[in-house]
Amino acid sequence: MTTPNESTTEPTADAVKGQWDGVDVHFGEEGGRLTYGSYLRLGQLLDQQRLESDPPAHDELLFITIHQVYELWFKQILHEMTASRDAMLTGELWLAQHLLRRVHTIERTLTQQVDILETMTPQDFGEFRHRLSPASGFQSVQFREIEFLSGAKDPSFVQRFRGLSEAEKVRLAQRLEEPTLWEAFLAVLAKAGFDTGTEDEIRSALQKVAHDRSQYDAVWELAEALLQHDELAAAWRARHVVMVERMIGTKPGTGGSSGASYLRSRLELRYYPLLWSLRSTL
């Protein structure tokens, strides 16, 4: 209820401005119709860090936050990789390369974030680790999407993982069906006039591109961007497994996986082996 002297209209821009160190600033221009918090949905976002431990373990907030941040970066990586692939398919090689460079920067950030997680000691982790079972990082659907889109499609993951929602099954099925970054790159080679029906033909095409960069500069730089993505993904896997070994040693993973030994088995994964073998012939 308002009194006769009160106004029910929204405040004007003049009513919400002030000075900060002698500089005129405005707070919530145009009546505060859209704020920083409402645009970013901070109320909902900051309410998602729900601790399972009771009494609350101090480092569980860190553990939840860092993994939620990883998933947000995974979402951005998928956004950029999908757009990069589509740009290759439409012949916009400059755009595809630009978006992959952004992926590279995010991937470096992912590796650096392990440093934050390692400020948590094994004892600190042990205070709440039992609360995580049967959840496991192995179950990250977005990480599997990144692998599928990069070229390492594994239909058996969908079959083995029984905890997938219907929406997640649809997403993974779509990633298994749609073109990968590598398939889009082969389309780029084909458009440049190369045969790509066999591995030998692809090797020959890559050799010609590598030795005639004046003519195939855009194709070569795109190949290098794919290789950089592969290298940075390998660096993250290596950093991750060492962190897990430091944290839990040889204990099994919380989701029933073999823990560090499984992660070590993935260290030799290469998305683009033909780009790596090319190095031996240059």
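The values are calculated or read from the model by the stated rules, or taken from the named source; none is laboratory data. Please read these numbers as outputs of a predicted model, since none were measured by experiment. Glycine also receives a Cβ, built like all others from the backbone with ideal geometry; neighbour counts cover every protein chain displayed. Heads up: the accessible areas ignore ligands, DNA and RNA and are worked out on the full protein's heavy atoms, side chains in. Shrake-Rupley method; radii C 1.70, N 1.55, O 1.52, S 1.80 Å.
Numerical summary
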read-out	value
Cα→Cβ-extended label distance, 7 Å offset, between Ala167 and Gln228, nm	3.4
Estimated distance in nm for a label pair at Leu46 and Ala235, the labels positioned 7 Å out from Cα along Cα-to-Cβ	3.4
Ala190 versus Lys153: modelled label distance in nm, points set 7 Å from Cα along the beta carbon direction	1.4
Per-pair calculated FRET efficiency, R0 = 41 Å: Val242 and Tyr36 via Cβ, rounded to 0.05	0.60
Percent carbon-and-sulfur accessible area, the range 160-206, ignoring ligands, DNA and RNA, probe 1.4 Å	48
Three-way shape label, the range 74-115, alpha-carbon gyration tensor, a/c 1.5	prolate
Hull volume in cubic angstrom per residue (convex hull over the Cα atoms of the range 62-163)	104
Gyration tensor verdict on the range 178-220 (Cα atoms; rounded if a/c is under 1.5, prolate if a/b is larger than b/c, oblate otherwise)	oblate
The range 59-158 - charge dipole about Cα centre, Lys and Arg +1 at Cβ, Asp and Glu -1, debye rounded to 20	300
Distance between the range 158-203 and the range 82-100 - C-alpha centres, whole angstrom	15
Förster radius 45 Å - calculated FRET efficiency between Gln174 and Thr119, Cβ distance, rounded to 0.05	0.75
Stretch gain in nm, segment Ser265-Ser140, where the contour uses 0.36 nm per residue and the Cα spacing is subtracted	43.2 nm
Residue (of Leu132, Leu110, Val158) at the positive-pole extreme of the range 103-174, dipole from beta-carbon charges	Val158
Sequence of Phe194, Phe148 from largest to smallest accessible area, 1.4 Å probe	Phe194, Phe148
Accessible surface, 1.4 Å probe, highest first, among residues Tyr70, Tyr39	Tyr39, Tyr70
